[in-house]
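**Student:** Structure provided below as structure tokens; questions to follow.
The values are calculated or read from the model by the stated rules, or taken from the named source; none is laboratory data. What you are looking at is a predicted structure, and each value in this text was computed from that prediction instead of being measured. Here the Cβ positions follow ideal geometry from the backbone for every residue, glycine too, while neighbour counts run over all protein chains shown. The protein model used for the area step is the full one, side chains on, heavy atoms only, and it has no ligands, DNA or RNA in it. Shrake-Rupley method; radii C 1.70, N 1.55, O 1.52, S 1.80 Å.
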Amino acid sequence: MLKKFERATRALRTLSAGNHTLLHASDEQELLHDMCQVIVERGGYRMAAVAYAGHDKDKCLHWMTSIGVDKEFVEELHYTWADTEMGRSATATAIRTGQPCVGRNILTDPVYADPAYAPLRENAIKFGYAAVTTFPLRVNGQMLGALVMGAIEPDAFDAEEVKLLSELADDLAFGITNLRLRAKHQAAEATIAQLAYYDPLTELPNRTFMLERLQDAIQTASRNHHSLALLHLNIVQLRGINQILGYGSGDRLLQQLAQRLMRALHESDFLARVGEGEFALLLPSGGADYAIQMAQRLAKALHDSVPVEGLMVDPRVSIGIALYPSHATEADTLLRRANAATNDVCPARGGYALYTGGQEQECTRRLSLMGDLRQAIERNELLLYCQPKVDIASRRVCGTEALVRWQHPVHGMLSTMEFIKLAENAGLITPLTHWMLDAVFSQSYAWHEAGLDRALSVNLSAHDLYDPMLVDRIQCLFSTWSVSPELIQFELTESALMQEPLVALEALTRLKKLGIRLFIDDFGTGYSSLSYLQKLPVDSIKIDQSFVMPMEANNDSAVIVRSTIELGHNLDLEVVAEGVDSQAVWNLLSAVECDVAQGYLISMPMPAEQFSDWENEWVRMNTAKLTVPGQ
């Protein structure tokens, strides 16, 4: 009776000490070790260990910790909890059945007489324990493993003792569950913090983190009476890459650029991704000179093209600079003004600009105009203009170039360059092109119905060339309006064709199959090679006005124009001269046998509905003479 009382007391003491351990545990492995230590040192048991059940095909036992037995020794025996010859140990039985395996006498139990288990018997004799009991550990309803305990007495672990020790095992399982739940909560909190302060794509700090760090830096600068700088970087090409190659390609571009930027920074610099294609760099100290030096350094780091989907993409980064305290004393304002400065960036000036004031008002105006432009396209409020082309030899009108104009209700007639740039920034190039195509086909049909068949040429951008639906849309318009292919022409700038030559060649080939004429616009400014030019299915080249207009005063320009005309004719191409604004230039072009002229000498761009009247007047004035007006 006394022995039974002592064993119950031992189990109760172990349970109490184990519960104390549970209250102070902060780590799962630490809990397992401390619990086994309590069982041996406070409870008086000779051995304690914890094994986890592996859920691999072999159902291995993973010994997590042990006191009173060599863990490495047991692991090398490669026991399993599967229902096999190597899975008959007390530990395996408790895990497999989910019930305690009580009072195994290692010295007399037949299982341990098996040669496979002889090492366990030898180990028990060595460490002085005779009886083993194992308790299953369940976590979240799943069998996690077993708590193993060894006692000196062969007849240890009576019913009362086992009852108390089962509570200990359950408490241990409960402790493991709580620690794992706490770990999940901590991981979730860490994830939330990561999402709140870091960009998951580039792993850089995000805008929220940048604003907090920037405000702290401003307060430090204020206390120490020094300046700081903020650089805002805009990836100009990102929108086009997302639209043409897909968002995955744009993401990979951003990741590569972020890595380049990080390699260019100093330890004290703080880089963040603050927008879709925007980064910001905090320089905690330094003025305008240092900020400009850093901008130049970053521009150099980002200068080389980036491989994306097998293409070499020019990142084209604009860098705006704002300074504390001269430009702003609040973080949000300083970031906004650094961003505003990017709108004044000129590649020829290094790709960076310093905030000068007034730029935010201009940004507000542009933002408002973007919304107005979208409405103007949707409501068909744009205007179709055209500028005639005249055959130089016969003075006959041979076509006209279609142009788009926007008469804003408040700001008046906006320059074409301004609202085309607005369309690019607002992602409206495709809707604008669609408007232009609809207007041109409609106008061509109207002219045809009125007995006037004149070719209308439409300008296409590089963005349009990448649109896989462009040719299909044009085919549909031909079907809708029954317009002859000879009456619709397309002009593409040489620089647009050179951005992605293979894509351009494929698009031009598909367009040419529709039976339409194709022009290379602004020829001489895009650095195309003769071998590439020979491959393009084009019918005509338009010499850029920057060469044509100074022909009379500049012999070099005259030589370039003459050589270009010879080159075009040798390639069996029609040659059009843009910028013919004077009679002298007309005469020079006529002398070198240029085919077609376009410019203010003939006519300024006019509303499409005025074209018929203008042509009648042109014909009247040129019927009886061999010179153009103004000669």
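**Student:** For segment 184-201, give me each residue that is farther than 19 Å from Ser268 by Cα, touching a helix residue (DSSP H, G or I) at 6+ places or on another chain (Cβ under 9 Å) and surrounded by 13 or more Cβ atoms within 10 Å (Cβ to Cβ).
**Tutor:** Asp199, Leu201
**Student:** Let me ask something else about it. Residues to consider are Tyr445, Tyr385; find the one that is crowded, with 19+ Cβ neighbours inside 10 Å, hydroxyl-bearing (Ser, Thr, Tyr) and under 29 Å from Met469 (Cα atoms).
**Tutor:** Exactly one of Tyr445, Tyr385 is crowded, with 19+ Cβ neighbours inside 10 Å, hydroxyl-bearing (Ser, Thr, Tyr) and under 29 Å from Met469 (Cα atoms), namely Tyr385.
**Student:** When you check Met47 against the structure, is it modelled with pLDDT of 90 or more and in contact with a helix residue (DSSP H, G or I) (Cβ under 8 Å, 6 or more places away or on another chain), yes or no?
**Tutor:** It is true that Met47 is modelled with pLDDT of 90 or more and in contact with a helix residue (DSSP H, G or I) (Cβ under 8 Å, 6 or more places away or on another chain).
**Student:** With the requirement that a residue be under 20 Å from Gly399 (Cβ atoms), in a loop (DSSP other than H, G, I, E, B) and open to solvent by less than 70 Å² (accessible area, probe 1.4 Å), what does segment 450-493 give you?
**Tutor:** Gly451, Leu452, Arg454, Ala455, Val483, Ser484
**Student:** So, in segment 547-579, exactly how many residues are assigned to a loop (DSSP other than H, G, I, E, B) and either within 10 Å of Phe523 (Cβ to Cβ) or touching a residue at least 24 places away in the same chain (Cβ under 8 Å) (or both)?
**Tutor:** So the answer is 6.
**Student:** Any chance you could count how many residues in segment 388-414 are in contact with a strand residue (DSSP E or B) (Cβ under 6 Å, 6 or more places away or on another chain), in a strand (DSSP E or B) and either surrounded by 19 or more Cβ atoms within 10 Å (Cβ to Cβ) or in contact (Cβ under 8 Å) with a residue 12 or more places away in the chain (or both)?
**Tutor:** So the answer is 16.
Conditions (1) of a type in the set (S, T, N, Q); (2) closer than 19 Å to Gln598 by Cβ, marked per residue:
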| residue | (1), (2) |
| --- | --- |
| Arg396 | no, yes |
| Thr400 | yes, yes |
| Pro409 | no, no |
| Ala439 | no, no |
| Glu449 | no, no |
| Leu456 | no, yes |
| Leu470 | no, no |
| Ile474 | no, no |
| Ser484 | yes, no |
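**Student:** Also, I was wondering about something else. Determine which member of the set Arg88, Arg104 is basic (Lys, Arg), farther than 24 Å from Glu28 by Cβ and modelled with pLDDT under 85.
**Tutor:** It is Arg104.
**Student:** Related question: Those residues that are under 24 Å from Gln598 (Cα atoms), among the hydroxyl-bearing types (Ser, Thr, Tyr) and either touching an Asp or Glu at 6+ places or on another chain (Cβ under 6 Å) or in contact (Cβ under 8 Å) with a residue 12 or more places away in the chain (or both), I need them from segment 415-437; list them, please.
**Tutor:** Thr416, Thr433
**Student:** Within segment 518-537, is there a residue that is among the aliphatic types (A, V, I, L, M), in a helix (DSSP H, G or I) and exposed (fewer than 14 other Cβ atoms within 10 Å of the Cβ)?
**Tutor:** Yes, segment 518-537 contains a residue that is among the aliphatic types (A, V, I, L, M), in a helix (DSSP H, G or I) and exposed (fewer than 14 other Cβ atoms within 10 Å of the Cβ).
**Student:** Every residue in segment 300-325 that is over 19 Å from the mean Cα position of the chain (by Cα) and at pLDDT 90 or above, please.
**Tutor:** Gly320, Ile321, Ala322, Leu323, Tyr324, Pro325
**Student:** Let me ask something additional. For a quick check of your reading of the model, give me the residue pairs whose first member lies in segment 523-543 and is under 13 Å from Leu508 (Cβ atoms), whose second is at pLDDT below 65, with beta-carbon atoms closer than 9 Å and at least 6 apart or on different chains.
**Tutor:** Pairs that qualify, where the first residue is under 13 Å from Leu508 (Cβ atoms) and the partner is at pLDDT below 65, are Leu536/Ser528.
**Student:** Out of segment 6-43, which residues are under 19 Å from Pro154 (Cβ atoms) and either open to solvent by less than 20 Å² (accessible area, probe 1.4 Å) or more than 58 Å from the chain's Cα centre (by Cα) (or both)?
**Tutor:** Glu6, Arg7, Ala8, Arg10, Ala11, Ile39, Gly43
**Student:** Quick one: in segment 80-119, of everything that is among the hydrophobic types (A, V, I, L, M, F, W, C) and more than 60 Å from the chain's Cα centre (by Cα), which residue is least open to solvent (accessible area, probe 1.4 Å)?
**Tutor:** Ile106
**Student:** I've got another one for you. Quick check on my filter: what residues within segment 173-206 are more than 23 Å from Glu28 (Cβ to Cβ) and β-branched (Val, Ile, Thr)?
**Tutor:** Scanning segment 173-206 gives a single hit, Thr202.
**Student:** Given the condition of a type in the set (A, V, I, L, M), over 22 Å from Glu401 (Cα atoms) and open to solvent by 30 Å² or more (accessible area, probe 1.4 Å), answer yes or no: does some residue in segment 549-559 qualify?
**Tutor:** Scanning segment 549-559 turns up at least one residue that is of a type in the set (A, V, I, L, M), over 22 Å from Glu401 (Cα atoms) and open to solvent by 30 Å² or more (accessible area, probe 1.4 Å).
**Student:** Search segment 53-77 for residues being open to solvent by 50 Å² or more (accessible area, probe 1.4 Å) and under 20 Å from Val111 (Cα atoms), and hand back the single one that is modelled with the highest pLDDT.
**Tutor:** So, considering only residues that are open to solvent by 50 Å² or more (accessible area, probe 1.4 Å) and under 20 Å from Val111 (Cα atoms), the one modelled with the highest pLDDT is Lys59.
**Student:** When you scan segment 364-374, do you find a residue that is open to solvent by less than 50 Å² (accessible area, probe 1.4 Å), over 31 Å from the mean Cα position of the chain (by Cα) and within 24 Å of Arg239 (Cα to Cα), even just one?
**Tutor:** No, every residue in segment 364-374 fails to be open to solvent by less than 50 Å² (accessible area, probe 1.4 Å), over 31 Å from the mean Cα position of the chain (by Cα) and within 24 Å of Arg239 (Cα to Cα).
**Student:** Can you find, within segment 44-54, the residue that is nearest to Pro154 (Cα to Cα) among those that are outside any strand (DSSP E or B) and not charged (D, E, K, R)?
**Tutor:** Per the stated criteria, the residue is Tyr45.
**Student:** What are the residues in segment 157-216 that are farther than 30 Å from Ala51 by Cα and outside any helix (DSSP H, G or I), if any?
**Tutor:** Tyr198, Asp199, Pro200, Leu201, Thr202, Glu203, Leu204, Pro205, Asn206 - these are the residues of segment 157-216 that are farther than 30 Å from Ala51 by Cα and outside any helix (DSSP H, G or I).
**Student:** Please name all residue pairs, on different chains or six or more residues apart, with Cβ atoms under 7 Å, provided the first residue is in segment 580-604 and is surrounded by 17 or more Cβ atoms within 10 Å (Cβ to Cβ) and the second residue is polar (S, T, N, Q) and outside any loop (DSSP other than H, G, I, E, B).
**Tutor:** Val580/Gln598; Gln598/Gln387; Leu601/Gln583; Ser603/Gln387
**Student:** Something else: Among the residues of segment 120-137, what is the count of those that are over 60 Å from the mean Cα position of the chain (by Cα) and assigned to a helix (DSSP H, G or I)?
**Tutor:** 7
**Student:** Also, I was wondering about something else. Please give the number of the condition Thr80 fails out of (1) modelled with pLDDT of 90 or more; (2) touching a helix residue (DSSP H, G or I) at 6+ places or on another chain (Cβ under 6 Å); (3) within 18 Å of Val40 (Cβ to Cβ).
**Tutor:** For Thr80, the exception is condition (3).
**Student:** Give just the number: which of (1) part of a loop (DSSP other than H, G, I, E, B); (2) more than 46 Å from the chain's Cα centre (by Cα) does Leu589 not satisfy?
**Tutor:** Status for Leu589: all satisfied but (1).
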